[in-house]
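Peer 1: Please read through the structure below; I'll follow up with questions.
The values are calculated or read from the model by the stated rules, or taken from the named source; none is laboratory data. Everything numeric here is computed off the predicted structure, so don't read it as measured data. Positions of Cβ are backbone-derived with ideal geometry, glycine not excepted, and every protein chain shown enters the neighbour counts.
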Amino acid sequence: MKSHLLQIPRYTLVAIFCALLHNAILITLDALGANVFWCQAASAAVLTPVGYLTMCSFTYHCERSWGGFARYSAALLTNFPVALLVLWFTRDLLALPMWIAAPFSSGAMFCWNYMTSTWALARPGASRAMSRG
């Protein structure tokens, strides 16, 4: 339990960085006329490797591996339909501008991403140094 509590501040910093990058991608592509699906797909293509590298290096202090990247990617793929649904609901049904819908979607995904990232990268037996601050 202590290791999870120590991870939360580091996870939050990485999540904020990733959320800002995600929102910048969504808002920029929306302004260029891309539909919500392609905005979300482009963000996922950029954030999957960026998120994996920053989570391994800063949040969980674990070794990078293709297996870890595969688990992390699989965990993030579960986000795609949920985030897409939230964006569709806020952007298309409620007709909110993307500058409101994108941050709302990011906030809705924060806890789910922590759980799936922890499952993918902080697995028992993985080589990591959780005690480092």
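Peer 1: Limited to segment 6-35, what total is found for residues that are within 13 Å of the chain's Cα centre (by Cα) and farther than 24 Å from residue 81 by Cβ?
Peer 2: Of the residues in segment 6-35, 2 are within 13 Å of the chain's Cα centre (by Cα) and farther than 24 Å from residue 81 by Cβ.
Peer 1: Residue check, residue 38 against (1) within 11 Å of the chain's Cα centre (by Cα); (2) more than 20 Å from residue 8 (Cα to Cα); (3) free of Cβ contacts under 8 Å to residues at least 40 places away in the same chain, all met but one. Which one?
Peer 2: (1)
Peer 1: Continuing with this model, one more query. Run down 48, 59 and say which single residue is closer than 19 Å to residue 109 by Cα, in contact (Cβ under 8 Å) with a residue 12 or more places away in the chain, β-branched (Val, Ile, Thr) and touching a Leu at 6+ places or on another chain (Cβ under 6 Å).
Peer 2: Values: 59 fails: touching a Leu at 6+ places or on another chain (Cβ under 6 Å).
Sole residue among the options that is closer than 19 Å to residue 109 by Cα, in contact (Cβ under 8 Å) with a residue 12 or more places away in the chain, β-branched (Val, Ile, Thr) and touching a Leu at 6+ places or on another chain (Cβ under 6 Å): 48.
Peer 1: Looking at (1) within 15 Å of the chain's Cα centre (by Cα); (2) closer than 22 Å to residue 24 by Cα; (3) aliphatic (A, V, I, L, M), which is the only condition residue 85 fails?
Peer 2: Looking at each condition in turn, residue 85 falls short on (1).
Peer 1: With respect to residue 21, determine if the residue is surrounded by 12 or more Cβ atoms within 10 Å (Cβ to Cβ), farther than 17 Å from residue 121 by Cβ and free of Cβ contacts under 8 Å to residues at least 24 places away in the same chain.
Peer 2: Working: surrounded by 12 or more Cβ atoms within 10 Å (Cβ to Cβ): yes; farther than 17 Å from residue 121 by Cβ: yes; free of Cβ contacts under 8 Å to residues at least 24 places away in the same chain: no.
It is false that residue 21 is surrounded by 12 or more Cβ atoms within 10 Å (Cβ to Cβ), farther than 17 Å from residue 121 by Cβ and free of Cβ contacts under 8 Å to residues at least 24 places away in the same chain.
Peer 1: With respect to the numbered conditions (1) modelled with pLDDT of 85 or more; (2) surrounded by fewer than 20 Cβ atoms within 10 Å (Cβ to Cβ), which one is the sole condition not fulfilled by residue 82?
Peer 2: It fails just one condition, (1).
Peer 1: Now for a separate question. State yes or no: is residue 33 on the phi > 0 side of the Ramachandran plot, surrounded by fewer than 19 Cβ atoms within 10 Å (Cβ to Cβ) and at pLDDT 90 or above?
Peer 2: In short, yes.
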